[in-house]
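Trainee: Attaching a single structure in structure tokens format; questions to follow.
The values are calculated or read from the model by the stated rules, or taken from the named source; none is laboratory data. These numbers were taken from a predicted model, which means no experiment stands behind them. All Cβ positions, even for glycine, are placed from backbone atoms using ideal geometry, and neighbour counts span all protein chains on display.
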């Protein structure tokens, strides 16, 4: 398979060869849910003498390409970390740009999301977003809610600890109001109280950008996810690198705490 991939990426690079690569990859196990920490936008821009905002714009293009490729190989869900609860600490100029970028992307890409069958789900503290962004979030979720090709969760003003705290509050409230008993609490109940309710947990977590940490992202959901780190900055995380991550995932034996299967 590697020979086919390198032939495609290093020599020919036409549509027919990409389709051959995809057909080969689809013979292996495809992760149903891929989580991505889109890291390195600012450093990518700085390396090129550009403002950080240029990196964020380039990162949007990469996400669109990854969504399209994920659809082709059969990934059912993507969760992309776009803006964390801690990112409000960044300079106001950068935060303001990011908010306007989210608003513009949701507006400009809405028709394309529908055309491609992409269901958009925004997870995080929506009430803290600027009004214009909140309105676009509401529109894009409502208009794409029946699309079935792939579900894309955009983690916007998201933090996993905050998500878990909200879950604990909700469960506590249900117990106080006699809707639940303590004995009702199990893994399934907790999972159904999180933002990713009714979705499978991520099979693969990808983090580009050279950092090797989780950064408060889907802490409950990634308990058994395979993790793929890359030194490549997110704007440069192209088709080849994404498919390499999928192939790396296919080489792993997932045991979920059990023992290796005897041959």
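Trainee: For residue 218, indicate whether it is modelled with pLDDT of 95 or more and at negative phi.
Mentor: For residue 218, the condition - modelled with pLDDT of 95 or more and at negative phi - is not met.
Trainee: If you don't mind, there's one more thing I want to ask. Name the pairs: first residue in the stretch 229-253 and without any contact (Cβ under 8 Å) to a residue 24 or more places away in the chain, second residue not in a helix (DSSP H, G or I), Cβ to Cβ under 7 Å, at least 6 apart or on different chains?
Mentor: 229/207; 229/212; 231/210; 248/228; 253/260
Trainee: Scan the stretch 168-187 and tell me whether some residue there is within 30 Å of residue 235 (Cβ to Cβ) and surrounded by 14 or more Cβ atoms within 10 Å (Cβ to Cβ).
Mentor: Checked the stretch 168-187: no residue is within 30 Å of residue 235 (Cβ to Cβ) and surrounded by 14 or more Cβ atoms within 10 Å (Cβ to Cβ).
Trainee: Could you please find all residues in the stretch 244-255 being within 22 Å of the chain's Cα centre (by Cα) and either more than 12 Å from residue 204 (Cβ to Cβ) or at pLDDT 90 or above (or both)?
Mentor: 244, 245, 246, 247, 248, 249, 250, 251, 252, listed by residue number.
Trainee: Got at least one residue in the stretch 98-118 being modelled with pLDDT of 95 or more, surrounded by 16 or more Cβ atoms within 10 Å (Cβ to Cβ), within 14 Å of the chain's Cα centre (by Cα) and farther than 16 Å from residue 141 by Cα?
Mentor: The answer is no; no qualifying residue exists.
Trainee: Restricting attention to the stretch 218-243, which residues are under 19 Å from residue 56 (Cα atoms) and in a loop (DSSP other than H, G, I, E, B)?
Mentor: 230, 231, 232, 233, 237, 238
Trainee: Of the residues 61, 71, only one is buried (at least 17 other Cβ atoms within 10 Å of the Cβ) and closer than 20 Å to residue 238 by Cβ; which?
Mentor: Sole residue among the options that is buried (at least 17 other Cβ atoms within 10 Å of the Cβ) and closer than 20 Å to residue 238 by Cβ: 71.
Trainee: Which residues, counting only those in the stretch 95-129, are part of a loop (DSSP other than H, G, I, E, B), at negative phi and touching a residue at least 40 places away in the same chain (Cβ under 8 Å)?
Mentor: 109, 116, 125
Trainee: Would the stretch 171-192 turn up any residue that is outside any strand (DSSP E or B) and either in contact with a strand residue (DSSP E or B) (Cβ under 7 Å, 6 or more places away or on another chain) or under 19 Å from residue 85 (Cβ atoms) (or both)?
Mentor: No, the conditions are met nowhere in the stretch 171-192.
Trainee: Looking at the stretch 196-215, is at least one residue part of a helix (DSSP H, G or I), modelled with pLDDT of 95 or more, surrounded by fewer than 18 Cβ atoms within 10 Å (Cβ to Cβ) and at negative phi?
Mentor: Looking only at the stretch 196-215, we keep the residues that are part of a helix (DSSP H, G or I), and these are none.
No: the stretch 196-215 contains no residue that is part of a helix (DSSP H, G or I), modelled with pLDDT of 95 or more, surrounded by fewer than 18 Cβ atoms within 10 Å (Cβ to Cβ) and at negative phi.
Trainee: Filter the stretch 132-151 down to the residues that are without any contact (Cβ under 8 Å) to a residue 60 or more places away in the chain, out of contact with any helix residue (DSSP H, G or I) (no Cβ under 9 Å at 6 or more places or on another chain) and either in a strand (DSSP E or B) or surrounded by fewer than 14 Cβ atoms within 10 Å (Cβ to Cβ) (or both) and list them by number.
Mentor: Listed by number, the residues that qualify are 142, 145, 146, 148.
Trainee: Within the stretch 61-75, can one find any residue that is under 23 Å from residue 150 (Cα atoms) and part of a loop (DSSP other than H, G, I, E, B)? If you could, list the steps in order and put the result at the bottom.
Mentor: Kept after step one, since they are under 23 Å from residue 150 (Cα atoms), are these residues of the stretch 61-75: 61-75.
Next, from what is left, pick out any that are part of a loop (DSSP other than H, G, I, E, B): 74-75.
Within the stretch 61-75 (the criterion being under 23 Å from residue 150 (Cα atoms) and part of a loop (DSSP other than H, G, I, E, B)), the answer is yes, since at least one residue qualifies.
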